[in-house]
Amino acid sequence: MSAPGELGTATVAGAWPALRVDDWTETRDTLHTWLQIVGKVRLAHAPLVNHWWQSTLYVSPRGLTTSAVPHGDGVFDVELDVVEHRLVVRSSAGGARTVALEPKPTARFHAEVMTALDELGIPTRISAGPNEVDPAVPFAEDHVHTSYDARAVELFWRQLLQADRVMGAFRARFAGKVSPVHFFWGAMDLACTRFSGRGAPPHPGGAPNCGDWVMEEGYSRELSSCGFWPGGGEEGAFYAYAYPEPAGFAEHPAGPAGAFYSTQNRQFLLPYEDVRRAADPDGALTDFLQSTYEAAAEHAGWDRAALEVDPGRWDHRR
């Protein structure tokens with residue numbers, strides 16, 4: 001593991017940083033486990049919103065945050081601040097606690113987070129272990145995930161910043177039901193999902209250590225989803241899929257060069273490094289998002305005229 005501030009081949013080239021997956025795998029897996037703990041804290045207190053949107057995290061100017069979570073007659077939030085490398089829990093009652101983000105066993109991190117919540121008068125019970133991973137070591141017993149390379153975590157957050165920004169602009173083109181750009185801690189991916197307005201067949205499930213009923217709720221409506229996760233490429237990958245997948249989806253032309261349909265994953269993939277190295281990274285990613293959405297919308301017969309909108313439609317009045 002590299003020392004904080006050092007990371008082999010990881011560099012920041014302009015706004016889009018390079019971060020080889022192989023250079024931070026141990027830290028990535030530890031961070032994934034810690035983010036599951038934070039996400040489950042939000043899940044324990046927030047009321048259900050369709051597709052589990054009440055459980056997600058959001059990219060913030062400092063890292064990843066739960067946003068405001070209801071508790072009693074007030075709210076609290078939890079933020080992984082990867083600028084100062086600390087987890088911060090803040091309550092509307094005025095209190096705050098911090099937990100250092102540094103190399104340590106997940107069991108210790110879990111205990112420190114639960115203690116911070118208890119001290120703020122926010123007692124919380126979460127399920128014992130992570131979801132969508134195998135093996136799923138219970139948090140309180142996890143002495144395997146201990147790595148924390150501060151520089152790598154910051155670079156990953158900066159990847160998320162760019163993905164979040166471009167995906168947010170893409171989201172603005174849709175007038176139908178569309179999710180926020182949000183971070184799912186189960187699969188450790190940043191996602192944005194558009195919906196046709198029609199129902200979908202029950203999802204078959206199959207995610208490790210995750211009830212099929214969870215996926216049934218998540219995929220209860222016909223959708224086109226896109227996102228980014230730290231896998232699937234040398235430096236991570238952007239993805240796009242449709243559920244249910246319509247005939248012709250996999251054969252639809254997708255841009256830019258480098259994008260391809262993975263039969264193994266049943267989704268389009270675009271390596272992050274292809275976007276980072278492009279002359280116009282924003283344009284390359286937007287091309288991927290738009291062309292793969294069109295693959296879903298055209299082959300499934302979405303009412304595109306009713307669902308799509310010009311985000312600049314009021315610019316002339318400003």
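Key figures for this structure:
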| quantity | calculated |
| --- | --- |
| Members of segment 224-248 that are in a strand (DSSP E or B) and without any contact (Cβ under 8 Å) to a residue 60 or more places away in the chain | S225, W229, A237, Y239, A240, Y241, A242, Y243 |
| Flag if T263 is surrounded by fewer than 17 Cβ atoms within 10 Å (Cβ to Cβ), among the hydroxyl-bearing types (S, T, Y) and touching a residue at least 12 places away in the same chain (Cβ under 8 Å) | yes |
| Number of the condition not met by R125 [criteria: (1) more than 30 Å from D282 (Cβ to Cβ); (2) surrounded by 15 or more Cβ atoms within 10 Å (Cβ to Cβ)] | (2) |
| Single match in L64, L117 (criterion: out of contact with any Gly (no Cβ under 8 Å at 6 or more places or on another chain) and assigned to a helix (DSSP H, G or I)) | L117 |
| V214 in contact with a Leu (Cβ under 6 Å, 6 or more places away or on another chain), part of a helix (DSSP H, G or I), touching a residue at least 40 places away in the same chain (Cβ under 8 Å) and of a type outside the set (F, W, Y) | no |
| Test for E79: is it modelled with pLDDT of 95 or more, acidic (D, E), within 17 Å of the chain's Cα centre (by Cα) and over 27 Å from Y219 (Cβ atoms) | yes |
| Test: residue in segment 183-200 that is among the charged types (D, E, K, R), crowded, with 18+ Cβ neighbours inside 10 Å, modelled with pLDDT of 95 or more and under 25 Å from R221 (Cα atoms) | yes |
| Selected residue (criterion: nearest to F183 (Cα to Cα)) from residues of segment 239-260 that are touching a helix residue (DSSP H, G or I) at 6+ places or on another chain (Cβ under 6 Å) and buried (at least 20 other Cβ atoms within 10 Å of the Cβ) | A240 |
| Tally, over segment 289-318, of residues that are touching a residue at least 40 places away in the same chain (Cβ under 8 Å), outside any loop (DSSP other than H, G, I, E, B) and either closer than 13 Å to R171 by Cα or touching a helix residue (DSSP H, G or I) at 6+ places or on another chain (Cβ under 7 Å) (or both) | 6 |
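Yes or no, residue by residue, for (1) of a type in the set (A, V, I, L, M, F, W, C); (2) touching a residue at least 60 places away in the same chain (Cβ under 8 Å):
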| residue | (1), (2) |
| --- | --- |
| T33 | no, yes |
| L43 | yes, yes |
| S67 | no, no |
| G95 | no, no |
| D134 | no, yes |
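The values are calculated or read from the model by the stated rules, or taken from the named source; none is laboratory data. Keep in mind that this is a model prediction, so the values were computed, not measured. As a convention, Cβ positions derive from the backbone with ideal geometry for all residues, glycine included, and neighbour counts pool all protein chains shown.
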